[in-house]
There are 4 protein chains.
Amino acid sequence: MSRRKSRFLRKPVEPFTISAGATADDLLARMERISFQGRNLATARRIWERMLGSDVTIFLGTAGALSAGGMRLIIAHLIEHRYIDCLVSTGANLYHDLHETRGRRHFIGSPTLDDAALAAERIDRVYDTLASEDEFCRNDEWIASFVLKLEKRPYTSREFLFKLGEHLWKETDNRGILTAAYRANVPIFCPAIADSSIGMGLSQARHRDQTAGQIDVIGDIIESANIVIRRPSTASIVLGGGTPKNFINQASVQAEFYSDRVTGHKYALQIVTDVPHYGGASGSSLEEAQSWGKLSIESERATVHSDVTLALPLLVTALETTMKDTIAKRKRIEFDASGRLLIINGQPLPDNRYHQDT
Amino acid sequence: MSRRKSRFLRKPVEPFTISAGATADDLLARMERISFQGRNLATARRIWERMLGSDVTIFLGTAGALSAGGMRLIIAHLIEHRYIDCLVSTGANLYHDLHETRGRRHFIGSPTLDDAALAAERIDRVYDTLASEDEFCRNDEWIASFVLKLEKRPYTSREFLFKLGEHLWKETDNRGILTAAYRANVPIFCPAIADSSIGMGLSQARHRDQTAGQIDVIGDIIESANIVIRRPSTASIVLGGGTPKNFINQASVQAEFYSDRVTGHKYALQIVTDVPHYGGASGSSLEEAQSWGKLSIESERATVHSDVTLALPLLVTALETTMKDTIAKRKRIEFDASGRLLIINGQPLPDNRYHQDT
Amino acid sequence: MSRRKSRFLRKPVEPFTISAGATADDLLARMERISFQGRNLATARRIWERMLGSDVTIFLGTAGALSAGGMRLIIAHLIEHRYIDCLVSTGANLYHDLHETRGRRHFIGSPTLDDAALAAERIDRVYDTLASEDEFCRNDEWIASFVLKLEKRPYTSREFLFKLGEHLWKETDNRGILTAAYRANVPIFCPAIADSSIGMGLSQARHRDQTAGQIDVIGDIIESANIVIRRPSTASIVLGGGTPKNFINQASVQAEFYSDRVTGHKYALQIVTDVPHYGGASGSSLEEAQSWGKLSIESERATVHSDVTLALPLLVTALETTMKDTIAKRKRIEFDASGRLLIINGQPLPDNRYHQDT
Amino acid sequence: MSRRKSRFLRKPVEPFTISAGATADDLLARMERISFQGRNLATARRIWERMLGSDVTIFLGTAGALSAGGMRLIIAHLIEHRYIDCLVSTGANLYHDLHETRGRRHFIGSPTLDDAALAAERIDRVYDTLASEDEFCRNDEWIASFVLKLEKRPYTSREFLFKLGEHLWKETDNRGILTAAYRANVPIFCPAIADSSIGMGLSQARHRDQTAGQIDVIGDIIESANIVIRRPSTASIVLGGGTPKNFINQASVQAEFYSDRVTGHKYALQIVTDVPHYGGASGSSLEEAQSWGKLSIESERATVHSDVTLALPLLVTALETTMKDTIAKRKRIEFDASGRLLIINGQPLPDNRYHQDT
């Protein structure tokens, strides 16, 4: 074999071998040497490990029906143990989390149920999963009542969601995404909060009191970029794409506008089912993100084309098995997300202004 | 053949036959009798025709890189000729529309270009399409300057986008989505405006003046539901899924909460590339939407699994060929979208309150 | 703008504009300047035009339920007018073609029909399309009877399918894929004939006469490669992927083994719904095919990610509109597919041997 | 909650919880109570368990680049331990298995490598995996030499592949799919053998000796259906779709034609990435298969929409953990696949004839 040829053919595929009792860690370790999406998931795990061992702020984006689909306590776990530092989510994932934290449930159904029959029973279907619409309506009212008790002024989604998590924790003592974020002081942004049942609850408060329910989503843009400006080494983990994927990237692009130290995420993972070739942002490749400066040119990155419900349990279980020590000594950014101004490592961010290096 | 059997086997597939010079109308007429997504597109056209001939308010949702991808003048056409009554869009589609209305361009590229080289030249890639990042930065500044001139108070995205379209029209005299909506007084909602470069422009205004850039996305929820309450016969046309798909459905669900006359969209079309089986809202089936009451049980509906850039030019060209008369005599809802309160058929909507039937 | 930058930003996207009465040709002409799969389809049309104007043998591969789905007379048209020179097909497409050529029909159904009810009526479903199982059984018998009349010796699928088309034409006088290929002397290969109802018919003949139904699929490999060796300028058009896609590429790779003049297809188009990232051949990229030598490094190529039923009617109608003259003066390879040895331009191919250049 | 409503809302989703050291069995046990494709994989495991505990012949179909992608020793394991009884495969999976069993390797690459550079080095790419073309050519010659030594008569693919496995085992003593099947006397069918490099090797033998390389794929159809007729309780496990999926179903449909005892597979699993809505067989639903009688109306079934490289390692590891005893006492069909006539439980199948009940 020529030298040039051998340059390409260095590392053989190792066929996966079956062992009884193999753990998530074992599985992913073997999958590093296979191909296609199995290898990509194994690579994603190694990149996440390197994120945890290095000095970066880790953003997690969550889209798709992850909470309804049984992923909410994995996300809570990632927050509680600080596998991540900041969450950007769709409203639906936070709403379905709130639903379960309040003691309600989603139910096992099937994609072939008769939707007219479900509608007659006021049961809402999410593919193979069901929930009671009446319980959803009571959630909306519960949110509206909470909103009416808040001081009447604009809130970033981050401040609002902190207070919502606090209220939920005090009322229920239950684990969930919102309560975990409250307890760990991890900020949550919800840039499309108006497109969700949390937004509907806010609007119902407004209906009763015209000064209630003010959410300052433009403030969220500034705050998220300031997080990047204050500590420009960042990483992005995206589950499902959607508005969280773009918002996390936008924070980096916007930060670069105000600070020369920002050069794009150093690590990027995504588990998505969308594909690049229709041009939409959810399916866009991590290479494309480099052209925008969303990712640094030298970034480590992996895309896993998979349903999150298949890939995430395996991925996080493997991390939990091997990363205990790394997590314990991780250099974490510390937030205080409780007030109007987000506080990072003891210092508040500027008020409605981008932080500028001097 | 038994009678029961013949019940199923009534309408034969007619193989598509080729004729030189066939028009979009001819193609879709023949495609009604084939199978799979070709038939679905032909069915979508007939349903849209029936929408136009009946007494409904038609919502259009646009997600994915439609403006960058060359679809913006089709959407402008749909607004100008009132094939639709209300637009719900991602911010990116409006931003890329603004970019071109301001005289800038997107460019033909390729998905295999070297992203490091593009980054070095400050060129942003959207799959096979390119744009200048410097021009984007100047758009952001243009938006910020406009925002700073506005009275400092909260605006729904609908009011803000009307004023943006007005300003754009006065400055450029160019056709586009925003300018068409301004001229036709068609409301545009952008529930995830914070997740877009329009949001970034707003945030840059805020940076300069801390009272600028207030967008009231909760007000959008109330306003969009009030549109449904005032005229409960509605239709939904969704291109690409995303936040617009859910927001249009949410308006119907929220309206039903306040008005017994609301029973879900009577017609629904979607052209999407996502699939139902991962549970996300973008790919969810129109049948699933019935369980939630988003669509009425008797709704006419069609899902086309296709890239919008393939399906939409054919679909709208066919409608344009056959619907001239129908469009001319269509019973349209009339908006005045220029002020703080949206005015429908001469009557303003309630101020920060859901319209309630009495 | 710097010179290097302007190198990338040369050709602007031109937003698609709507005109009543626009033809397929008009639509695709405009779609050349948009993005994503719309542009890819427009590009595919130009590449097919250049194929027709140049001196190449054009292979067409057909997989997926194209005949059941209403595409069979488009394929017949491509054969009759020699838009293509050689067909490689799954057995199902030829079988469903035979079904309709024999006067039977497929029927318009729906993907949500009750399959237990269909099974009870002996109705077979292909997504949204139906057919009578009893009629299918009679086709199988019809094929078996025909096979039993043939001389008992091995036949390549190409020779067998020619004789089947001949028999079908003599009995029915109806247009279809098999009859068009018989009349135009265009060879059809069916490498996976054992995986189809045509194979089942052959096996039923064997059941009655143990010397009947001998198909020499290894002979097909040699013959298809010899077609390439005899005229090494080739093009590949693939609809749906599957065995035809690989078989057409394999012919080129195998031919290269015996002839230095063969350097891979000069043009390649594919309309597929599969994606590359799972590693399967159906979704593999045309760039990957270059590494194997299936495509020449300088090949012109386009992949359209679309359902064939959406893209093909538009594509072939546009070609028919503009290519009349080109087709009339096309330099065509001439086959005589009627005998044991395939004859090309008057000269038979070697008997069970690769043609070797001397 | 009304009784009717509670009928739907019985079994709550249980959010997945993370534990360090969790095994594949643990993961899948928890995934039974989540949603979407995660739940489907967990369900698939339970169905496979029930297959193993009941009196059925289990067919496995393998399509996609599974052997190149590192799955071949899992398939060998399934054969050796008789998790399955009969394999239907594409030729490529057997060829890439042979490549590695002969001591050659596939290599870790990337989907973004330069294909012109690879072509220059004669390296073939399968998405992110590489192999040496020269080694492939030597495999072809190795196959041709073996074929030339065989008695010159027609062989079903099943008989041929048994002999190929035997030769490979005697020469290499290495584990793999072909050698495992030889040693366990598990039949392998390859209905599209002409569309593969094994077919190319056979054709090269034919080139040297015009009586060599006769493969009787029509005989395969009869033999596979006779396996079903002799023991009509069957199950189907499909990885990737393609010709194996249809061939396994066809065996059942063809068997039903000759035996009233055959009523469709009793269990069916598929792990596929294709979707139903384009009408192709690879993505077709298991419900659709019921309309054809391929599956019994009461069949237990699960579709997992996933890349096989992600789902299969987890699935088979879990089975290996819990099924040891069940496997040990499984009621297995016993084959002797070594001769011209396949022998089942000591009795040869009819010679070129369907077995008919009397």
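Derivation of every value follows stated rules applied to the coordinates shown; laboratory data play no part. Since the structure is predicted, the reported quantities are computational estimates derived from the model, not experimental observations. For neighbour counting, all protein chains shown are included, and Cβ atoms are generated from backbone atoms with ideal geometry for every residue, glycine included.
Numbers for the structure displayed
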{"item": "Karplus-derived 3J(HN,Hα), 6.51/-1.76/1.60, for each residue of segment C:161-167, Hz, glycine and proline x", "result": "5, 4, 5, 5, x, 4, 4"}
{"item": "Under 5 Å, built H, 5+ apart or other chain: amide partners of D:Phe189", "result": "D:Leu87, D:Val88, D:Ser89"}
{"item": "Compactness index (Cα Rg / 2.2 N^0.38 Å), segment B:226-358", "result": "1.15"}
{"item": "Within-10-Å neighbourhood charge of D:His305 [Cβ basis; K, R +1; D, E -1]", "result": "-3"}
{"item": "D:Thr57 long-range amide H proximity, modeled H, under 5 Å", "result": "D:Ser233, D:Thr234, D:Ala235"}
{"item": "Cα-based Rg / Dmax (Å) for chain D", "result": "21.2, 78"}
{"item": "Net charge contributed by nearby residues that have their C-beta within less than 11 Å of C:Val275 (K/R +1, D/E -1)", "result": "-4"}
{"item": "Label 7 Å beyond Cα on the Cβ vector: D:Lys170 copy-to-copy distances, nm", "result": "4.8, 8.3, 9.2"}
{"item": "Cα long-axis angle, helix A:217-230 against chain A (0 to 90 degrees, to the nearest 10)", "result": "40 degrees"}
{"item": "Förster radius 60 Å - calculated FRET efficiency between A:Lys331 and D:Ala116 (Cβ-Cβ, nearest 0.05)", "result": "0.85"}
{"item": "Antiparallel bridges, percent of DSSP beta bridges restricted to the protein assembly as shown (to nearest 5)", "result": "30 percent"}
{"item": "Residues with amide H under 5 Å from that of D:Leu295, placed H, sequence gap 5 or more", "result": "D:His265, D:Gln290"}
{"item": "With Cα atoms, 0 to 90° folded angle of helix A:36-53 axis to chain A main axis", "result": "70 degrees"}
{"item": "In sequence order, calculated HN-Hα J values of segment B:122-132 (Karplus, 6.51, -1.76, 1.60; Hz; x Gly/Pro)", "result": "6, 10, 9, 10, 10, 6, 10, 10, 10, 8, 7"}
{"item": "Magnitude of the charge dipole, segment B:122-250, Cβ model with Lys/Arg +1 and Asp/Glu -1, debye to 20", "result": "440 debye"}
{"item": "Cα lying deepest toward the dipole's positive end in segment B:39-104, options B:Leu60, B:His96, B:Met71, charges on Cβ", "result": "B:Met71"}
{"item": "Centre separation in Å (Cα based) which lies between segment A:8-71 and segment D:99-167", "result": "29 Å"}
{"item": "For D:Ala29, net neighbour charge (Lys/Arg +1, Asp/Glu -1) across residues whose Cβ lies under 10 Å away", "result": "+1"}
{"item": "Set of lysines with alpha-carbon distance to A:Lys5 below 27 Å, sequence-local pairs under 8 removed", "result": "C:Lys266, C:Lys294"}
{"item": "Order of D:Ile333, C:Ile58 - criterion: other Cβ atoms within 10 Å of each residue's Cβ, fewest first", "result": "D:Ile333, C:Ile58"}
{"item": "Size of charge dipole - segment C:187-345 - debye, nearest 20, with Cβ of Lys, Arg +1 and Asp, Glu -1, no other charges", "result": "440 debye"}
{"item": "Neighbour-count order for C:Ile79, D:Ile47, fewest beta carbons within 10 angstrom listed first", "result": "D:Ile47, C:Ile79"}
{"item": "Euclidean distance between Cα centres, segment B:320-358 to segment C:238-279, Å", "result": "55 Å"}
{"item": "Among A:Arg50, A:Arg153, A:Arg102: highest mean-square fluctuation, GNM of chain A, C-alpha pairs under 10 Å", "result": "A:Arg153"}
{"item": "Highest-MSF residue in chain B out of B:Ile75, B:Ile218, B:Ile229 [GNM, Cα springs under 10 Å]", "result": "B:Ile218"}
{"item": "Selection from C:Ile343, C:Ser299, C:Leu310, by position along the positive dipole direction of segment C:298-358 (Cβ)", "result": "C:Ile343"}
{"item": "Segment C:198-298: relative contact order in percent, alpha carbon pairs under 8 Å with at least 6 residues between", "result": "25 percent"}
{"item": "Chain A, closest residue to the rotation axis toward D, by beta-carbon, whole angstrom", "result": "A:Thr23, 3"}
{"item": "Least to most buried among A:Ile177, C:Ile248, A:Ile123, D:Ile84 (fewest other Cβ within 10 Å first)", "result": "D:Ile84, A:Ile123, C:Ile248, A:Ile177"}
{"item": "Label geometry 7 Å along the beta-carbon vector: C:Ile297 inter-copy distances in nm", "result": "2.6, 6.2, 6.6"}
{"item": "Most mobile listed residue (D:Arg46, D:Arg138, D:Arg82) in chain D, GNM with C-alpha springs under 10 Å", "result": "D:Arg138"}
{"item": "Label distances, nm, B:Arg353 versus same residue in remaining copies, Cβ-directed 7 Å point", "result": "4.0, 9.0, 9.7"}
{"item": "Of A:Pro232, A:Ile193, A:Ala205, farthest towards positive along the dipole that unit charges on Lys, Arg, Asp, Glu beta carbons give segment A:170-266", "result": "A:Pro232"}
{"item": "Globularity ratio of segment A:14-172, using Cα Rg and 2.2 N^0.38 Å", "result": "1.32"}
{"item": "Student exercise, segment D:34-166 dipole from Lys, Arg, Asp, Glu Cβ charges, in Debye to nearest 20", "result": "540 debye"}
{"item": "3J(HN,Hα) from dihedral phi, segment C:336-344, Karplus parametrisation 6.51/-1.76/1.60, rounded to Hz, x for glycine, proline", "result": "10, 9, 7, x, 4, 9, 6, 10, 10"}
